[in-house]
Amino acid sequence: MSEIDIKHNQVPTRENRLGAITGYVGTIGELNSQAGGCGVQNRERCFSQASACASGCCQGQLSSIQNVVVINHGAIGCAADAVATNVNKKSGARIRGLEYSNVRIVSSNLLERDTVFGAVDKLKDTILQAAKRYHPDAIFVTTSCVSGIIGEDIQGALEDLKPQLDIPLVPAFCEGFRSKVWASGFDSAFHAVLFGIVEPPRQVEKTNKVNFVNFRGSARNEIIRTFKKLGVEPVFLLQYATIEELKRLSEARATVSICGTLGSYIGNGLEQNYGVPYIKTEQPHGIQGYINWMRNLGTFLGKEKEVEEHLAEEEERTREELAELRAKLKGKRVVVGMGPSFGHNYTRVLEELGLDVVWTATWHFDQNYDHGDVPESTKRLAEIDDSLKVSVGDQQNYEIVNLLNKLQPDLYVTRHGGSSVWATKMGIATHMVVDEFTAFGYNGIVNFGNILVDKLTNRALAKRLASRIQLPYSEWWLGQDSFSFLQEEVF
Amino acid sequence: MPTAQNISNHNQIIDQVRHVCTLGGLQSVLAIERAIPILHAGPGCGQKLWGALGLQNGGQGSGYAGGHTVPCTNATEKDVIFGATDKLRTVIENAFKVLDLDFYVVLTGCTSDIVGDDVGEVVREFQNEHKIVWAETGGFKGSNFLGHELVLEAIIDQYLKPAPEKIKGLVNIWAVVPYQDPFWTGVYDELSGLLRSIGLTPNVIFGPHRGIPALDLVPAAEFNLLVSPWVGLKAVKQLEENFGTPFLHYPSLPIGPTETGKFLRTVGEYAGVDPKKIEAVIAENEDHYYHYIERAAEVLLETRFLPRRFTVVADATYTLALSKFLVNDLALIPNRQYIVDATPADLQEEVLKNFQDLGEGLSADVLFTPDGGEVQEDIRATKFRSRPLILGSSWERVLAKEVNGYALSVSMPVSDRLVFDRSYVGYTGGLRLVEDIYSTILADFQ
């Protein structure tokens, strides 16, 4: 189990904390059994393509908190993700009916001279200018490869400014070179919130709030209605939460998460430091995930009866439609490519819908979560069928394209920007799960099943595109084993 | 007299990015068909840069070999301590095997440039066998406009060979920065069409169906045509130095009949084209253009809530080109104009001269700053007497609501539009722009 130290300003990477890996090929049974003792050997590659880094995940999370400013202490390119984050933020604001506004990510614009002389004063100046411009409720400072390598004293700069600015000034360390697992950036963001925002409970009794870790919250209304039956109210985080809401996360009855990768750190952090229980079942995607998650939450809240009534209603309401969907989807061969929590949960969901998952690739794999256990979603898959083929790779497209070319599935289900494109170019029907609540509970699995039926019904774009375009890979490579560039050495 | 508020000082913060860092030059490589960058950089650089310059900018996705296809050494902690030239060598070797591409440009990021990896030494090992060049593009060097220039410099110096002879009438066109300008493919097509219309043979390295054969033709051109206030000046000077090719520098991207007429006359005269031929081409195109403007006159003159004044927030190329068009062809009046491309301080004065006489005796005040937040504060403080027309980026959409203006996204980031092969250049481009502006106005209250 990793001790979550909220007195210290930095969180260790997933590789160091959770034994996270980015290179593996085998079966889910092997992965699960080796992960138990953190015994999975990570394998490096002798060819690699651009993946992603922690700072994108970190800035994306922090900048979507209401009325904050994120200062990136880096070269201007490290703030380029502000553009995509702005689009994402506006989409979620539309769902939530919030103010139409731009995200606030300000770069300190490190230049060549700064790499020699340092730029702590420039950072301070950026913070002061941004504070004057926006009057935020908090300022987060994210780091970059440059600030990390030249050893900028970020904490010192923030301490110097505290007398001038009466708001939380919080560092978030997310240098790209530190971790191959971009999800380490989620932890950086959550650590910043635990370290610099969350306060001890203001009263002894818990509130009726349940912390709900998610992205943009499209299922918000459904969750509010369901939680009302259990006598609790959700507080969605981090995106669109207010600083005041975040200060009081320590007072909640429990923490739940739509994604095991996303929620592990903050959930366990709140449990270890403030006794707020974190629901550690697999995530509430599809039926079994939802049932286990709801039952576990119900137990903590003492609402077992209400949960069983709710589940029975949901089951009854969706039975017929699910049977129809299963008949249509039965036996379709599918490959999954997602982050580890979504990937392993969605593999189960696809099987609940009657599809045949022939391969599950995840962008990394955490051998254990912060509470010390192998992810429940992984254990569950190993229980169902330990021979399921799995691989782990940090968006190494050459492997995925090679694999899809060999497997020729009916469908490729993904979650990562740009991931669905390549399968489509190969004539394979695809769906990229953009919305984290796509397969949430009973409504979600019906929704997801309908999406898949539609995708399989009309494959015209994939067919036509595939007949017109060429892949950027050599014949030689497509003839090799998909994982032949994974090296045996251990690091 | 226009005044520049020059604040390109060392302590320049940047809020609301409108360009990216030097490594953004990777997209200029991808704009050359069958060429690909190999990044010696951190794991997230590529994704951030192509996201901002590509996907979220007119919906320019990965295409043939962009996005996560781009090879990268994905720098780790070990690499920044011990260096990573061996890793780079392995990635390059395997890139040749795995990928089906013809031309490679190794680009470094901040990590490699600070650590001091000798990338040139690694790349030189391959230059006899492969078409491969390299440039140091660590993000802290500045903007992707500079990155674009560094990519061109590397290709010119390390790859291009002198041509046995110049080809009469062959003209290389250098203009907007690919991807940064979401309309770039249309821009190069339209400029090529204009040259062709007066009997010249355009040569462009960027865009579909051009690629390495076009690149190989560059030293054989009769002259280089630079259509840009400052970006690309280094490249045409370097081509003059290396291959003795003279260049014509035309600062303003021609949008609409007034500037396009001037453009054709200037280029034609430089190339020795018969003036009668040029005038015939201009007359035919103006006929077409004014047919539609005449037909739309009611909309242009009598629509409710028309703007009288305009504000452009864009790079130097578009701020100048759009200002000229709106003044000369739509009779609008400039507010202060904003140039957000981090124009180098020593080039700002030259850029500014173009705003002294936009046409019709009008000049414009110009603010150079890469800080979008500062631009927006300045616009908020402006007193508007009619609903302003704001041609900027998708960042301006929120601002336009606040100041009750019309926003049309034309400059990076253009995340709210999908752009294929259209552009605002030339006569047809002018018509497209009038359509887009007045469609925005008409749709606003309906």
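The values are calculated or read from the model by the stated rules, or taken from the named source; none is laboratory data. The structure displayed is predicted, hence computed values, not measured ones. All Cβ positions, even for glycine, are placed from backbone atoms using ideal geometry, and neighbour counts span all protein chains on display. All accessible areas refer to the heavy atoms of the entire protein, side chains included, with ligands and DNA or RNA removed. Shrake-Rupley method; radii C 1.70, N 1.55, O 1.52, S 1.80 Å.
Test A:Thr281 against the stated conditions and say whether it is open to solvent by 10 Å² or more (accessible area, probe 1.4 Å), in contact with a Leu (Cβ under 9 Å, 6 or more places away or on another chain), of a type in the set (Ser, Thr, Tyr) and not in a helix (DSSP H, G or I). So A:Thr281 fits the description; yes. Taking the criterion of being more than 13 Å from chain A (Cβ to nearest Cβ) and more than 22 Å from the chain's Cα centre (by Cα), the residues of the stretch B:390-421 that qualify are B:Val403, B:Asn404, B:Gly405, B:Tyr406.
Specify which of the listed residues (A:Tyr442, A:Tyr398) is aromatic (Phe, Trp, Tyr) and in contact with an Asp or Glu (Cβ under 6 Å, 6 or more places away or on another chain). It would help to see each step written out before you state the result.
Numbers: A:Tyr398 fails: in contact with an Asp or Glu (Cβ under 6 Å, 6 or more places away or on another chain).
After ruling out the rest, the residue left standing is A:Tyr442.
With the condition kept exactly as written, say whether any residue in the stretch B:275-285 is surrounded by fewer than 16 Cβ atoms within 10 Å (Cβ to Cβ) and not in a helix (DSSP H, G or I). No - not one qualifying residue is present in the stretch B:275-285.
Conditions tested, residue by residue: (1) closer than 19 Å to B:Gln158 by Cα; (2) polar (S, T, N, Q).
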| site | (1), (2) |
| --- | --- |
| B:Leu99 | no, no |
| B:Val105 | yes, no |
| B:Ser112 | no, yes |
| B:Glu121 | yes, no |
| B:Gln127 | yes, yes |
| B:His130 | yes, no |
| B:Ala135 | yes, no |
| B:Lys141 | no, no |
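Residues are listed down the side, and each one gets a yes or a no for (1) touching a helix residue (DSSP H, G or I) at 6+ places or on another chain (Cβ under 9 Å); (2) of a type outside the set (S, T, N, Q); (3) within 7 Å of another protein chain (Cβ to nearest Cβ); (4) open to solvent by 20 Å² or more (accessible area, probe 1.4 Å):
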| residue | (1), (2), (3), (4) |
| --- | --- |
| B:Asn57 | yes, no, no, no |
| B:Gly67 | yes, yes, yes, no |
| B:Val80 | yes, yes, yes, yes |
| B:Thr85 | yes, no, no, yes |
| B:Lys97 | yes, yes, yes, yes |
| B:Val106 | yes, yes, no, no |
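Here is the figure for the stretch B:404-435: residues that are farther than 19 Å from B:Thr319 by Cβ and not β-branched (Val, Ile, Thr) total 10.
In this structure, does A:Phe236 turn out to be in a helix (DSSP H, G or I) and either open to solvent by less than 30 Å² (accessible area, probe 1.4 Å) or in contact with a Cys (Cβ under 9 Å, 6 or more places away or on another chain) (or both)? Before the answer, list the steps.
Values: in a helix (DSSP H, G or I): no; either open to solvent by less than 30 Å² (accessible area, probe 1.4 Å) or in contact with a Cys (Cβ under 9 Å, 6 or more places away or on another chain) (or both): yes.
No, not satisfied.
Condition check: in contact (Cβ under 8 Å) with a residue 24 or more places away in the chain and open to solvent by 10 Å² or more (accessible area, probe 1.4 Å). Does A:Glu488 satisfy that? When the stated conditions are applied, A:Glu488 passes them. Looking only at the stretch A:406-450, how many residues end up being over 23 Å from the mean Cα position of the chain (by Cα) and either more than 13 Å from chain B (Cβ to nearest Cβ) or open to solvent by less than 10 Å² (accessible area, probe 1.4 Å) (or both)? Residues that pass the stated criteria total 10. Scanning the stretch A:160-197 for residues that are out of contact with any helix residue (DSSP H, G or I) (no Cβ under 7 Å at 6 or more places or on another chain) and acidic (Asp, Glu) gives a single hit, A:Asp166.
In the stretch A:138-148, the condition of being out of contact with any Ser or Thr (no Cβ under 8 Å at 6 or more places or on another chain), farther than 30 Å from B:Thr76 by Cβ and without any contact (Cβ under 8 Å) to a residue 40 or more places away in the chain is met by no residue. Just so you know, in the stretch A:358-375 the residues that are open to solvent by 20 Å² or more (accessible area, probe 1.4 Å) and touching a residue at least 60 places away in the same chain (Cβ under 8 Å) include one that is nearest to A:Thr27 (Cα to Cα), and it is A:Asn368.
Going by what's in this entry, would A:Glu309 be described as closer than 27 Å to A:Tyr278 by Cα, out of contact with any Gly (no Cβ under 7 Å at 6 or more places or on another chain) and either of a type in the set (Phe, Trp, Tyr) or at pLDDT 95 or above (or both)? Steps first, answer last, please.
Values: closer than 27 Å to A:Tyr278 by Cα: yes; out of contact with any Gly (no Cβ under 7 Å at 6 or more places or on another chain): yes; either of a type in the set (Phe, Trp, Tyr) or at pLDDT 95 or above (or both): yes.
Answer is yes for this residue.
Residue-level check: of (1) under 18 Å from B:Pro370 (Cβ atoms); (2) over 29 Å from the mean Cα position of the chain (by Cα); (3) touching a residue at least 40 places away in the same chain (Cβ under 8 Å), A:Ala131 misses just (1). Looking at A:Phe215, A:Phe177, just one residue is farther than 15 Å from A:Asp5 by Cα and in contact with a Cys (Cβ under 6 Å, 6 or more places away or on another chain), and that residue is A:Phe177.
The single condition from (1) touching a Ser or Thr at 6+ places or on another chain (Cβ under 7 Å); (2) open to solvent by 30 Å² or more (accessible area, probe 1.4 Å) that A:His73 fails is (2).
The stretch A:89-172 holds no helices (runs of 4 or more DSSP H) entirely within its bounds that carry 3 or more residues that are crowded, with 16+ Cβ neighbours inside 10 Å and polar (S, T, N, Q).
Is it the case, given these coordinates, that B:Ile155 is assigned to a helix (DSSP H, G or I), over 16 Å from the mean Cα position of the chain (by Cα) and surrounded by fewer than 21 Cβ atoms within 10 Å (Cβ to Cβ)? No.
To keep it simple, each residue is scored yes or no on (1) touching a strand residue (DSSP E or B) at 6+ places or on another chain (Cβ under 7 Å); (2) open to solvent by 30 Å² or more (accessible area, probe 1.4 Å); (3) touching a residue at least 24 places away in the same chain (Cβ under 8 Å).
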site	(1), (2), (3)
B:Ala175	yes, no, yes
B:Phe183	no, no, yes
B:Gly186	no, no, yes
B:Arg196	yes, yes, no
B:Gly211	yes, no, yes
B:Val218	yes, no, yes
B:Ala221	yes, no, yes
B:Val236	yes, no, yes
